[in-house]
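A quick write-up on the structure given underneath.
The values are calculated or read from the model by the stated rules, or taken from the named source; none is laboratory data. On a predicted model such as this, the values are computed, not experimentally measured, just so you know. All Cβ positions, glycine included, derive from the backbone under ideal geometry; neighbour counts span all protein chains shown. Areas reflect the complete protein model, heavy atoms only, side chains present, ligands, DNA and RNA absent. Shrake-Rupley method; radii C 1.70, N 1.55, O 1.52, S 1.80 Å.
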Amino acid sequence: MMILRTGLRTVAAALTISAGAAMISPALAQDAVPSPAPAPQAQTQSFDDQKLQAFTVAFLAVSDVKERYTERFRQAPSDDEKQKVQVEATQEMEQAVDKTEGISVDEYNQIIQSAQTDEALAQKLNGMIGEAAKSKQ
């Protein structure tokens, strides 16, 4: 599983790449929508294991939200309906992160931005997410 390499808001923007576009998976979001350049502090920022574990829990919760909204987005009959589904999904993704103990939406996005430029962090997160997903099944 590839680490989500874009923030919640960019993921939401990726949902409407074109009028006929379907919701994309987090792993492909980086290819579909260029994300903004990470802030300079994101490149040198380090996160403790407790924060990364909270990120992992939040990432899986966000992935669950995305899965629930994918079909609704695809079946929306109009661009207006697609936008409504997108807004609702984004709000629920943010709530999923907010409900995760030990991490905020801003911290979640900072970790994603850091993983874009820090291959070791991205690999560590991929491993953590993979293990957490296995234990969740």
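Could you order the peptides 89-98, 73-82, 57-66, 125-134 from most to least packed, using the average number of other C-beta atoms within 10 Å per residue?
57-66, 89-98, 125-134, 73-82
Roughly how many nanometres apart are two label points built 7 Å out from the Cα toward the Cβ at Glu88 and Glu71?
1.4
Aspartates and glutamates within cross-link reach of Lys84: Cα-Cα under 18 Å, excluding same-chain residues under 8 positions apart?
Once the sequence-local aspartates and glutamates are set aside, what remains near Lys84 is Glu67, Glu71, Glu92, Glu94.
Per residue, how much accessible surface does the range 35-137 expose to a 1.4 Å probe? Answer in Å², no decimals.
57
What nm value, rounded to one decimal, do you get for the distance between Thr117 and Ser104 when each label is placed 7 Å out toward the C-beta?
Label at Thr117, label at Ser104, 2.1 nm between them.
Evaluate the distance, in nm, between pseudo-label points positioned 7 Å from the Cα of Asp79 and of Gln137 along their respective Cα→Cβ axes.
Placing both labels 7 Å beyond Cα along the Cβ direction yields 4.0 nm.
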